[in-house]
1. Amide H to amide H, which residues 5 or more places from residue 31 or on other chains are under 5 Å from it, using H placed in the peptide plane?
2. Which whole-Hz ³J(HN,Hα) couplings does segment 122-138 yield from phi under the Karplus relation 6.51 cos²θ - 1.76 cosθ + 1.60, θ = phi - 60°, glycine and proline marked x?
3. Please turn the phi angles of segment 98-113 into ³J(HN,Hα) values with the Karplus equation 6.51 cos²θ - 1.76 cosθ + 1.60 (θ = phi - 60°), one per residue in order, whole Hz, x for glycine and proline.
4. About its Cα centre, how strong a charge dipole does segment 3-116 have in debye, to the nearest 20, once Lys and Arg get +1 and Asp and Glu get -1 at the Cβ?
5. Given H placed 1.01 Å from N in the peptide plane, which residues other than close sequence neighbours of residue 101 have an amide H under 5 Å from its amide H?
6. To one decimal place, what Kirkwood hydrodynamic radius in Å is obtained for segment 3-116 from all pairs of distinct Cα atoms?
7. Measure off 7 Å from each Cα along the Cα-to-Cβ vector at residue 197 and residue 80, then give the distance between these two points in nanometres to one decimal.
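None of the figures in this text is laboratory data; all of them are computed from the coordinates on show. All of these numbers come straight from a predicted model, not from anything done at the bench. Every residue, glycine as well, gets a Cβ built from its backbone with ideal geometry; the counts of neighbours run over all protein chains shown.
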Amino acid sequence: MFVLVKESNNVSMQQELLPLFPLEMVLLPGAKAPLHIFEDRYKEMIGEAIRGGSEFGIVLTTGKGILKAGCTAVVEQVVKEYEDGRFDIVAGGRRRFEILSLDEDRSYLRGRVEFYDDEDTSAPEAGVQARVEAAFAQMLLVQDDAETPAAGSEAPLSFRVASLVRDLNFQQLMLASRSEAERLKHLAEFLPGVIERTRRTGEARVLAGRNGHAKHIQS
């Protein structure tokens, strides 16, 4: 996975610069994410986005820097605005982009970006979509997704399903892929293990709440 380490780069055409919000999360197109904005630089950035109805970019950050592929977001709802300028908002994922260069002239990071869509429009292999749809239905049953930024029905199937997968590396792979068929194939291979781990985690939580009277889970 490509990691883009922060660097200073002056860009003369200011309208090309997208405000960037590095977070330990991956936002997918069509997904919604509740965010609490408390740092001064991001209060400034989100305030501008609210007033202008403009996009900002959410990018996954690691200990080595930020990743190259991200997704733009718009503020769909201001849940609460605090007296000190903090915000509780709901952000909605829009367009995917790739960072070309970075700019640090403002208090928050900005980037010159290139937007992209899928390049491969071929159909998925036979049976793959049906397997993903079946796995999606199982995930909705076994996963408590109250804190998961679920994607809306207008998003491609792969993004709707991947928004429920609590694995940042896998979600970043989905975000960067430029083929729905490829994403569905990855999901068909990855989801059975996710569902089994989620089911076992849920069983363990139930047993842990029985005041020490739990029996062992049978394999």
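1. Amide H to amide H, under 5 Å and 5 or more residues apart or across chains, residue 31 pairs with 93, 152.
2. Listing the rounded values in order: 5, 6, x, 4, 4, x, 5, 4, 5, 5, 5, 4, 5, 5, 4, 4, 5 Hz.
3. 10, 6, 9, 7, 10, 9, 10, 6, 9, 5, 10, 6, 10, x, 7, 10
4. That gives segment 3-116 a dipole magnitude of about 360 debye.
5. 112
6. Its Kirkwood hydrodynamic radius stands at 14.1 Å.
7. Each label point lies 7 Å from its Cα, and together they span 3.3 nm.
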